[in-house]
Amino acid sequence: MDLSAESFGVAPRRNMGMLEEMPLSLDPEDVIAEFEAMTRDAGRVQIETLKKILEENGRTEYLQRWGLDGRTDPESYKSCVPLVTHEDLEPYINRIVDGDDSSILTGNPITTISLSSGTTRGMPKFVPFNDELMESTMQIYKTSYSFRNREFPIGNGKCLQLIYGSRQFKTKGGLAAGTATTNVYRNPLFKRTMKAMQSPCCSPEEVIFGPDFHQSLYCHLLCGLIQREEVQVISSTFAHSIVHAFRTFEQDWEELCTDIREGVLSSRISVPSVRTAMSKLLKPNPELADLIYNKCQGLSNWYGLIPELFPKTRYIYGIMTGSMEPYLKKLRHYAGELPLLSADYGSSEGWIGVNVNPKLPPEMATFAVLPNIGYFEFIPLRQSLDGLEAKAVGLAEVKAGEEYEVIVTSFAGLYRYRLGDVVKVKGFHNSTPELQFICRRNLLLTINIDKNTEKDLQLAVEAAAKVLAENKLEVVDFTSRVDSSTEPGHYVIFWEISGEASDEVLEECCNCLDESFLDAGYISSRKVKAIGALELRIVKRGTFHKILDHYVGLGAAVSQFKTPRCVGPTNNKVLQILCNNVVKSYSSTAF
Ligand code: AMP
């Protein structure tokens, strides 16, 4: 068998102009066969992939600096090129952004820049984007679609895609810059792939790329409702957008019905291009309006809303793991009996793995690494947390049951780049690892010897939310911070909740949160009062929408939005939004 990188489509440079004209055919069984062959010898494909990346880019300023001298084998690569973070590469990336088109990080000049959502540090960061990233994105989409289609086949129909392009702009050096999802949605290959996957979007492009996301969201819902008989899939990049959309539906449903009844778009849609595009779809349809109206009135607390509105829906699809897990409960409520299928694992920097077991519930979803889309290394987490010198192992050397930090070498100019994510190897698909996403590596909450991650916070919130649930209330969203202005410092958890709760209930929640951080460092510090009492602050309804709006204002994409689960001390604006909206505050008496 030909195991050359080229035979597995290791992102060769192609003429995109020609590619756009080619009809796109997609035979799921062919895609699966290719995936199976490639993953049977994942180690070999990785070596080929690294070779290809280094051959294409070996003459760049960055790689020349490390003295590889034309060598392309993993050992030389690992011994010459250091592990880096985004910060290390920033001076190089900034030069590209400013218009230096010499071979800095890639052999071929970078013409497009992605803005990563940057929720962690409150500021978007720049990463290079190129045709190879676009192609690997489509390879990921097609592979997971092929596996999904075996279990949940769909016919010709539409997909209610709750996606939003963000602003694109030119950098000082004249490069197109936008979020990675925007760069993908704008690429003609995206539309063609969606068509081949029988999932064309219900909404016209003017809605996807509308300048005001509230208006786009309203129109997405309207487009979906008008085409409700054709909708087979409800999707978004991250599940937050789906939950957000149906929470908005709860507020706006009567207005949506009025628009459908009269065939006139609400005056709240003020963007002319969006109005023009929508007017082509919207015709007076009182029967449909009545039908939707009656269905909504017949629901109990909006349970099963999605299948009621879209009766032919086969499943709901989007990233539901990691920081999206807290939205699953609400999503299940809206979905009723419909299956939730968790989407793939990637980042603005590049894709990593595909969900090839779509039947698993999102909490158990894993991602099989595609060995031809990048070169992957893994640092055993214990080493990296203990501050030992990080020693990365290759994809073929990881062990089931172990946790690792992910290192990426891409076709778009990132070499041994610490992505900042922690994953666990759950098993293998042929010889490629199946990863479970655990959390971002950065410790969220730490004051002295305590170490709590995003996952620990999520579990504590889940435990305390049970107390709320007994009172028919839910946590709409949450975040946290360390308050070091008090002596000793303490954790502050911010909650937006779905209604009014009594002081007794919230005091109990606050104590439960404090008791649910099981990290030994935290418990012992609390016992000796080296960490102060945990504080639960309840914020006004809509506060987290304000935070979303703030990030969108900074150029972040709604499609990529992840609520920051910890707000750093320099993230003044978000801290200000939170603090200005606190309505009640409780201090734990648990210790
Ligand atoms: P972005 O800034 O939008 O590029 O976000 C990329 C980050 O989103 C990754 O580094 C992960 O932390 C997170 N992410 C992406 N895909 C998944 C997934 N399937 N499960 C959990 N987290 C994910």
Over 10 Å intervals from 0, what percent of Cα-Cα pairs in the stretch 454-587 sits in each interval? 12, 43, 34, 10, 0
For the chain, list the cysteines whose Cβ sits under 4.7 Å from no other cysteine Cβ? C80, C159, C201, C219, C257, C296, C439, C509, C510, C512, C566, C579
Per residue, how large is the accessible surface of the chain? Use a 1.4 angstrom probe and give square angstrom. 40
Just read off the accessible area of T181 with the full protein assembly in place, 1.4 Å probe, to the nearest 10 Å². 20
Summed side-chain charge close to Q458 - residues other than Q458 whose Cβ falls under 9 Å, Lys, Arg +1, Asp, Glu -1: -2
If you keep only loop residues by DSSP, which GluC sites (Glu not before Pro) in the stretch 210-296 have at most 13 other Cβ atoms within 10 Å of their Cβ? E229
Log10 I(q)/I(0) at q = 0.12, 0.14, 0.19 Å⁻¹ for the stretch 186-320, from Debye over equal alpha-carbon scatterers, is -0.46, -0.63, -1.22
Under the rule rounded for a/c under 1.5, else prolate if a/b exceeds b/c, else oblate, using alpha carbon gyration tensor axes a ≥ b ≥ c, the chain is classed as oblate
In deg cm²/dmol, rounded to 500, what helix-only [θ] at 222 nm does the chain give when every DSSP H run of at least 4 residues adds -39500 (n - 2.57) and the total is split over its residues? -12000 deg cm²/dmol
Over all pairs of distinct alpha carbons, what does the Kirkwood formula give as the hydrodynamic radius of the stretch 310-425, in Å? 15.7
Highest first, please rank the peptides 414-421, 300-307, 238-245 by the mean number of other Cβ atoms sitting within 10 Å of their residues. 238-245, 414-421, 300-307
Let's see if you can work this out: charge +1 on each Lys and Arg Cβ, -1 on each Asp and Glu Cβ, no other charges. What is the dipole magnitude of the chain about its Cα centre, in debye to the nearest 20? 580
Whichever aspartates and glutamates have a C-alpha closer than 12 Å to that of K359, once near sequence neighbours (fewer than 8 apart) are set aside: E151
What is the projected area of the convex hull of the Cα atoms of the stretch 370-486, averaged over all directions, in nm²? 10.8
What residue among S485, S559, F544 has its Cα farthest toward the positive end of the dipole of the stretch 454-587, where the charges are +1 on Lys, Arg and -1 on Asp, Glu, each on the Cβ? S559
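If you take the square roots of the eigenvalues of the alpha-carbon gyration tensor of the stretch 271-343 and sort them as a ≥ b ≥ c, do you get rounded (a/c under 1.5), prolate (a/b over b/c) or oblate?
Here the stretch 271-343 falls in the oblate category.
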The chain - percent of accessible surface contributed by carbon and sulfur, probe 1.4 Å: 51
Euclidean distance of C-alpha centroids, the stretch 347-363 and the stretch 519-546, integer Å: 32
When averaged across all projection directions, what area in nm² does the alpha-carbon convex hull of the stretch 416-466 cover? 5.6
Which of the three applies to the stretch 141-235, rounded, prolate or oblate, going by the alpha-carbon gyration tensor with a ≥ b ≥ c and a/c under 1.5 meaning rounded? oblate
Gap separating the Cα centres of the stretch 132-199 and the stretch 264-337, nearest whole Å: 21
Quickly work out the S498-to-R40 label distance, labels modelled 7 Å from Cα along the C-beta direction, and quote it in nm with one decimal. 5.0
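The values are calculated or read from the model by the stated rules, or taken from the named source; none is laboratory data. Only a predicted model underlies this, so the values are computations on that prediction, with no experimental measurement involved. All Cβ positions, even for glycine, are placed from backbone atoms using ideal geometry, and neighbour counts span all protein chains on display. Remember, those area values only see protein heavy atoms, side chains included, never the ligands or the DNA or RNA. Shrake-Rupley method; radii C 1.70, N 1.55, O 1.52, S 1.80 Å.
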